[in-house]
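The values are calculated or read from the model by the stated rules, or taken from the named source; none is laboratory data. Note that this is a predicted model, so its numbers are computed, not measured. For neighbour counting, all protein chains shown are included, and Cβ atoms are generated from backbone atoms with ideal geometry for every residue, glycine included. Side chains included, ligands, DNA and RNA excluded: accessible areas come from the protein's heavy atoms. Shrake-Rupley method; radii C 1.70, N 1.55, O 1.52, S 1.80 Å.
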Amino acid sequence: MSDSSPFLGPLGLVLAPVRGRLLIATLLAACGSMLTLVPLAGIAHIGQLAIYATGTAGAIGWTIAVSVASVFVGMALITAGEFLAHQADNHLTHRLRLAIGQRLMQVPLGWFSERTSSEVKRAMQDDIGTLHSLTAHFFTTLGRAVGAVLVSVIYLVAMDWRLALIALLPFPAFFLFLHRAVKASAQHMGDVAAGMARIDNSVVEFVNGMPLVKAFGDHGNAQDRYRAAVDDFAATFTGFTRPLVTAMARANALIAPVTVLGVVLLAGMLFVALGWIEPLQILPFALVTPGLCAPLQLLHFITHDLNTAVAAAQRLQALLATPVLATPATCTLPNGSEVRVEQVSHAFAPGSNVLSDISFTLAPGTTTAIIGPSGAGKSTLARLLLRFFDPDAGRITLGGVDLRQVASPELYRRIGFVLQEVRLLHASVADNIALGRPGATRAQIEAAARLANIHSRILQLPRGYDSVVGEDAQLSGGEQQRLSIARAVLLDPPLLVLDEATAAADAESEAAIQDALAHFAQGRTLLVIAHRLDTVMHADQILVLDQGTLCEQGKHDELLARQGLYAQLWAQGGYQDTESKALPTC
Ligand code: ADP
């Protein structure tokens, strides 16, 4: 069987904890729907009793009583099934949300920088929502539809198998047409997907290029490409839907109640003419057969839900299987704040090292600047220190203890970070600053904000420290970075990893950030991915990275005297232009 069976493949794995409940819910719904159809047989039976005058009032009364009782018991069973399915859904959703939350707490921080929050949100919210419609509704609907079809077919065959055979003919024909429709449209599916991708790309290009269009009046390219993609897609989509719509219309016409009834009556009359059945024997067929249309169509629709749920389950399974950071069996407390990077190598893809055999020490209270061209591995090195991921080879120690042996809260109490991509929560400014120290008093928060040069700007916000980020606190890039400096200040770590702002901040903000950092850095160990001349010049140690290797290390004067890569960089006109210059290699 294919993976689209609800109890196999990724979906089966995700549904495993509630499989029993879902099976019972399906059975209850199936039995319930069978019972609710008993009155139809009851009516046919009463008709026979009345017309042939073989029945007493008592027999008719019994038939009515059994029919009514069946409807009530059937509805009670369906309700019980629905209740059980919703309970299973609630249990599963709760369990999945907790499991994903738990997993996300353990995945390396680097995992988040490689993903957009909308990707994570899709799995946690949308995919779980998709599973909700499966667990809460699919199984009971399946049970009801299959139950109704099954009991109807058995009843009709029992009444007269020959007439049943003919009366049921439109239904296999319906699935045959449907299959053809799906096959015909499948040929165009690739074109539709390609068309969608073309629209996606051209939308991004169109939106990204909007400032250029506005500034330079480039009304041509991006717009034309977008319009061509949209027009192409419209044509492709028509090609995709035309065979589908025609075949679907034929299929639906085949099982429309009036068609089905027509077949029953024609075949029934023929049977009567041939003397095979009595006219009244047509009645159960006329009552029951048209009722098959709805559940069969329903079965077709819910298969679509199943396919969507399989895709959602695959994404959830992948999320739940995300590799986690190794947690130490026993945690050790670092002794001091010296950091040693020992022969560290790291690769994101096998065989292509981003960092190779890097070793250096961050002595307490000193400032180290990492410089090098774009792509040299500076951010990767800083992120390894923050344990966004673990190195493939070598080790990094803090206070003599391998980072892998340090419990995360202990690590982040000792190493703070201010990175270029500042993450702020949709919460008050005060809460954003106190993220790592929820118990901090307002006075402590304000003191941190003062040191980070952001206090007076916060006071200008409509509700001051209570203003909510993204609502009444709209902050510029530089202001956001100062807010994250305040966050680090409040945590008061002995070590700070800092990715210096480049072009993001305006001159005034830039000066404020530098001032804040200068205050904060006093007496602390600082590792800076440096973009500024004065940071590099005054650092106690400069690490020159190139293509993942540490080419040179030392103080500004020493490195100049060495006449190596660093000296060449200076000769080229200063480090601040490194990113844009063709660099000599080491
Ligand atoms: P720098 O900070 O010096 O500009 P990075 O450390 O950001 O350099 O990147 C070094 C190399 O590693 C680059 O080639 C970059 O494309 C690659 N890289 C960085 N992060 C990832 C990642 N998460 N997955 C794959 N490759 C990455």
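List of remarks:
- 1.4 Å probe accessible area per residue over the chain, in Å²: 49 Å²
- Net charge contributed by nearby residues that have their C-beta within less than 12 Å of residue 176 (K/R +1, D/E -1): +3
- Taking the protein heavy atoms of the range 20-84 in the context of the full set of protein chains, the accessible area attributed to carbon and sulfur is 84 percent at 1.4 Å.
- With the simple spin-label model, which puts each label point 7 Å out from Cα in the Cβ direction, the residue 103 to residue 472 separation comes to 4.0 nm.
- Alpha-carbon centroid distance for the pair the range 342-398 / the range 10-86, whole angstrom: 68 Å
- The chain: DSSP helices with Cα axial extent of at least 18 Å and average Kyte-Doolittle hydropathy no lower than 0.0: 19-36, 38-51, 57-106, 139-159, 170-208, 257-273, 293-320, 477-491, 507-521
- Full extension of the segment from residue 551 to residue 48, taken as 0.36 nm per residue of separation minus the current Cα-Cα distance, would add 171.2 nm.
- With every protein chain in place, the range 163-276: carbon and sulfur % of accessible area (1.4 Å): 70 percent
- Placing R0 at 45 angstrom, the Cβ-Cβ distance between residue 332 and residue 308 gives a FRET efficiency of 0.40 after rounding to 0.05.
- Rounded D (µm²/s) - the range 163-276, Kirkwood Rh over Cα pairs, Stokes-Einstein at 4 °C, 1.567 mPa s: 72 µm²/s
- Each Lys and Arg Cβ is given +1 and each Asp and Glu Cβ -1; about its Cα centre, the chain then shows a dipole of about 1580 debye.
- Based on the convex hull around the alpha carbon atoms, the chain presents an average projected area of 38.2 nm².
- Taking label points 7 Å from Cα along the Cα-to-Cβ direction, residue 133 and residue 561 give a separation of 7.3 nm.
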